[in-house]
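See structure below.
No lab work stands behind these numbers, since they all come straight from the coordinates. The structure presented is a predicted model; accordingly, all values stated were derived computationally and were not measured. Here the Cβ is made from the backbone with ideal geometry for all residues, glycine too, and neighbour counts use every protein chain on show.
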Amino acid sequence: MTDLIVVGGDRLNMLPLSEPAAAMVVQANAANVRDVLVAGRAVKRDGQLVGVDTRRLRRLIDDSRERVFARVLADGPILPEPPAGMLEAMDTLSRTNLAAAWAQS
């Protein structure tokens, strides 16, 4: 049986496509994988997993995250509370920086 990965599509990360082999090595990522055959069986077709209940998988992942957080936070917060006024100061600074960036564009 054969395993096969087909990379393709028109995603921007693959442009410019002057050297296809180099683009595969340097620019391609999992989002560019269109089709996958494992032992001759399709496990991904047209960018979508075949035979996977993604709603159930997302629910399992979310449940796992909640269990991990509960265990970690059982001993108290991971990080200390920020100093008074810090969040407001960061908000003001970010708004100022964004306004300056927009003014330059």
Query raised in the report: Once the Cα atoms of helix 86-104 and of the chain are each reduced to a long axis, what angle between those two axes, in degrees from 0 to 90 to the nearest 10, is obtained?
Result: 60
**Report entry** Estimated [θ] at 222 nm from DSSP helical runs (n ≥ 4, -39500 (n - 2.57)) normalised by residues in the chain, nearest 500
**Finding:** -14500 deg cm²/dmol
Report task. Please report the relative contact order for the stretch 1-66, taking Cα pairs under 8 Å with a sequence separation of at least 6, and give it as a percent rounded to a whole number. Result -> 32
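Please give the FRET efficiency for D53 paired with A21, using the beta carbon to beta carbon distance and R0 = 41 Å, rounded to the nearest 0.05. Walk me through the numbers before you get to the answer.
On the way: r = 36 Å, r/R0 = 0.88.
Efficiency at R0 = 41 Å is approximately 0.70.
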Query - Crossing angle, helix 54-73 versus the chain [Cα axis fit, 0-90 degrees, rounded to tens] - result: 40
Query raised in the report: Can you give the Rg to Rh ratio for the stretch 14-105, taking only C-alpha atoms and Rh from Kirkwood?
Result: 1.19
Report summary line: Under the 7 Å Cα-to-Cβ spin-label approximation, V6 and L87 lie apart by a distance in nanometres of 5.0
Query raised in the report: What's the extension gain from S64 to S94 if we count 0.36 nm per residue and subtract their Cα-Cα distance?
Result: 7.5 nm
Report summary line: When all Cα-Cα pair distances of the stretch 4-49 are considered, the percent exceeding 15 Å is 42
